[in-house]
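The values are calculated or read from the model by the stated rules, or taken from the named source; none is laboratory data. Fair warning: this is a prediction, and the values are worked out from it, not measured in the lab. Methodologically, a virtual Cβ is constructed for each residue, glycine included, from the backbone with ideal geometry; neighbour enumeration extends over all protein chains shown.
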Amino acid sequence: GLEETICSARSTDNLDDPSRADVYKPQLGYISTLNSYDLPILRFIRLSALRGSIRQNAMVLPQWNANANAILYVTDGEAQIQIVNDNGNRVFDGQVTQGQLIAIPQGFSVVKRATSNRFQWVEFKTNANAQINTLAGRTSVLRGLPLEVITNGFQISPKEARRVKFNTLETTLTHSSGPASYERPRV
Amino acid sequence: QFPNECQLDQLNALEPSHVLKSEAGRIEVWDHHAPQLRCSGVSFARYIIESKGLYLPSFFNTAKLSFVAKGRGLMGKVIPGCAETFQDSSEFQPRGGEQFEGQGEEGQGQGERQRFRDMHQKVEHIRSGDTIATTPGVAQWFYNDGQQPLVIVSVFDLASHQNQLDRNPRPFYLAGNNPQGQVWLQGREQQPQKNIFNGFGPEVIAQALKIDLKTAQQLQNQEDNRGNIVRVEGPFGVIRPPLRGQRPQEEEKEEGRHGRHGN
């Protein structure tokens, strides 16, 4: 039975086709994921991948990987990336360019902003069904929290808490008004 | 990671080795380097939340199984991508209007709009004996709405493949902080643990959340030294269903307004 099962198992998929994008905003770019639902063999090797392509000043909203580490490799262009660790410290704040690689450990929060005409990258994730959680946007953790938790947690007014919770309607990609100052990482 | 970590010649009953004090409670942590815990691949903690204490949302790098040892309260988990199914929408605006500050929102009906006071993910009542499973990376909060302390014990599965970091429990704070730092970690210079927003530049937070810079700085909680369990002043008005045997507040209000009527 190997011929019909293991030998014929599909082991290839293409992530570069924008028409199969999972997240798509014409002005900002697209993101495609490949996990074991798309390619079952990934369940055996417990890995998955993500392809991203964003335009200048597009921002991938801050997020963390809930159940995986990620290895990000830049295939084209440049971006500014900030990464925050479990201690709330910024452990990376800088420009990444074509050919560079950066590892993003599980739970570490990351934000990416394209600083060239187009920033393209591939992420390898160490889980067949890697899941992200976002810090901002319509499906973010802040959106899921009661206003009371936000007002008490951050000591802000209910009015400010509403803005924090509801102002960003996007889920993944948004416009960024420009690159931030490049501060030294606060380790 | 530890050679011969299960060569155990003697077992001991263990007491907590670290106590993290907060404004409205404390977190007691067992030393996960103790041989029997290291062999089991787990760590253990006890959360003691005083009356009106709110354990602010945080998530871990491991799966977690918790048990409510004493008291009662409320618990919320925020699961990525899930809808805000708890909604307070008692007011109706027949002529329409803004639901939120400057943003439209769902709930637009035929010629009328609902005005949500708030909407959030599921909130559950918890009481003594409840067992709560939490997956890695999922933010969770607790609130003690009882009169006695709410005591929750949790085991963290460090050795599971779901933990992809080292064999240490690592809390990530979305709000609040831990002024004492992660004292249970070995080989790391201890420094106060801040929330995640603290690590990003305030202008990044302002752009991502579409808020002003001042509010973004407030999210960073830099002047806050209340710890991760804070006291809630006044009522804690989250949307939650009534406990069995209780009637919904709105129903009681309506009845009070109109009196009882037969059909």
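Is one or more of the residues making up region A:85-104 among the hydrophobic types (A, V, I, L, M, F, W, C), crowded, with 24+ Cβ neighbours inside 10 Å and without any contact (Cβ under 8 Å) to a residue 60 or more places away in the chain? No, the conditions are met nowhere in region A:85-104.
Within the bounds of region A:39-48, is there any residue that is part of a strand (DSSP E or B), touching a residue at least 24 places away in the same chain (Cβ under 8 Å) and not hydroxyl-bearing (Ser, Thr, Tyr)? No, region A:39-48 has no match at all. When residues in region A:142-187 are screened for being within 20 Å of residue A:85 (Cα to Cα), modelled with pLDDT under 95 and surrounded by 22 or more Cβ atoms within 10 Å (Cβ to Cβ), 0 of them pass.
Just so you know, in region B:17-57 the residues that are among the hydroxyl-bearing types (Ser, Thr, Tyr) and surrounded by fewer than 21 Cβ atoms within 10 Å (Cβ to Cβ) include one that is farthest from residue B:195 (Cα to Cα), and it is B:40.
Being surrounded by fewer than 17 Cβ atoms within 10 Å (Cβ to Cβ) and part of a loop (DSSP other than H, G, I, E, B) is a property that residue B:6 has.
Among the residues in region B:79-97, are any more than 14 Å from chain A (Cβ to nearest Cβ), surrounded by 18 or more Cβ atoms within 10 Å (Cβ to Cβ), modelled with pLDDT under 95 and touching an Asp or Glu at 6+ places or on another chain (Cβ under 9 Å)? No: region B:79-97 contains no residue that is more than 14 Å from chain A (Cβ to nearest Cβ), surrounded by 18 or more Cβ atoms within 10 Å (Cβ to Cβ), modelled with pLDDT under 95 and touching an Asp or Glu at 6+ places or on another chain (Cβ under 9 Å).
Among the conditions (1) at pLDDT 90 or above; (2) facing chain A (nearest Cβ under 10 Å), the only one that residue B:116 does not satisfy is (1). Number of residues in region B:163-183 that are farther than 23 Å from residue A:155 by Cβ, within 9 Å of another protein chain (Cβ to nearest Cβ) and within 20 Å of the chain's Cα centre (by Cα) equals 3.
Candidates B:237, B:227: the one that is in a loop (DSSP other than H, G, I, E, B), closer than 23 Å to residue B:25 by Cβ and touching a helix residue (DSSP H, G or I) at 6+ places or on another chain (Cβ under 6 Å) is B:237. If only residues of region B:193-202 that are within 8 Å of chain A (Cβ to nearest Cβ) and free of Cβ contacts under 8 Å to residues at least 24 places away in the same chain are counted, the one that is surrounded by the most Cβ atoms within 10 Å (Cβ to Cβ) is B:199.
If you go through region A:19-34 and keep only what is in contact (Cβ under 8 Å) with a residue 24 or more places away in the chain, in contact with a Ser or Thr (Cβ under 9 Å, 6 or more places away or on another chain) and surrounded by fewer than 20 Cβ atoms within 10 Å (Cβ to Cβ), you end up with A:23, A:25. Among the residues of region A:80-92, none qualifies, meaning not one is more than 13 Å from every other protein chain (Cβ to nearest Cβ) and over 12 Å from the mean Cα position of the chain (by Cα). Taken over region B:22-69, the criterion of being more than 17 Å from the chain's Cα centre (by Cα) and of a type in the set (Asp, Glu) is satisfied by B:31 alone. Only one of the numbered conditions (1) surrounded by fewer than 18 Cβ atoms within 10 Å (Cβ to Cβ); (2) free of Cβ contacts under 8 Å to residues at least 60 places away in the same chain; (3) in contact with a Lys or Arg (Cβ under 7 Å, 6 or more places away or on another chain) is violated by residue B:231, and that is (2). Take region A:49-71 and flag every residue that is under 12 Å from residue A:126 (Cα atoms) and either part of a strand (DSSP E or B) or more than 13 Å from chain B (Cβ to nearest Cβ) (or both). If the condition is that a residue be under 12 Å from residue A:126 (Cα atoms) and either part of a strand (DSSP E or B) or more than 13 Å from chain B (Cβ to nearest Cβ) (or both), then A:49, A:50, A:65, A:70, A:71 are the ones that fit. For region B:174-210, the set of residues classified as more than 15 Å from residue A:87 (Cβ to Cβ) and not in a loop (DSSP other than H, G, I, E, B) consists of B:202, B:203, B:204, B:205, B:206, B:207, B:208, B:209, listed by residue number. Considering only region B:28-59, state which residues are in contact with a Gly (Cβ under 8 Å, 6 or more places away or on another chain) and of a type outside the set (Asp, Glu). Within region B:28-59, B:47, B:48, B:49, B:51, B:53, B:54, B:55, B:56, B:57, B:58, B:59 meet the criteria.
Of the residues making up region A:98-120, those that are away from every other protein chain (no Cβ under 13 Å) and more than 16 Å from residue A:57 (Cβ to Cβ) are A:98, A:99, A:100, A:101, A:102. Checking each residue in region B:147-161 for being surrounded by fewer than 18 Cβ atoms within 10 Å (Cβ to Cβ), within 14 Å of another protein chain (Cβ to nearest Cβ) and touching a residue at least 12 places away in the same chain (Cβ under 8 Å) picks out only B:160. Given the condition among the hydroxyl-bearing types (Ser, Thr, Tyr) and over 20 Å from residue B:60 (Cα atoms), answer yes or no: does some residue in region B:206-217 qualify? So far as region B:206-217 goes, yes, one or more of its residues are among the hydroxyl-bearing types (Ser, Thr, Tyr) and over 20 Å from residue B:60 (Cα atoms). If the condition is being buried (at least 19 other Cβ atoms within 10 Å of the Cβ) and either more than 7 Å from chain A (Cβ to nearest Cβ) or part of a loop (DSSP other than H, G, I, E, B) (or both), then region B:211-224 contributes B:211, B:216, B:220, B:221, B:224.
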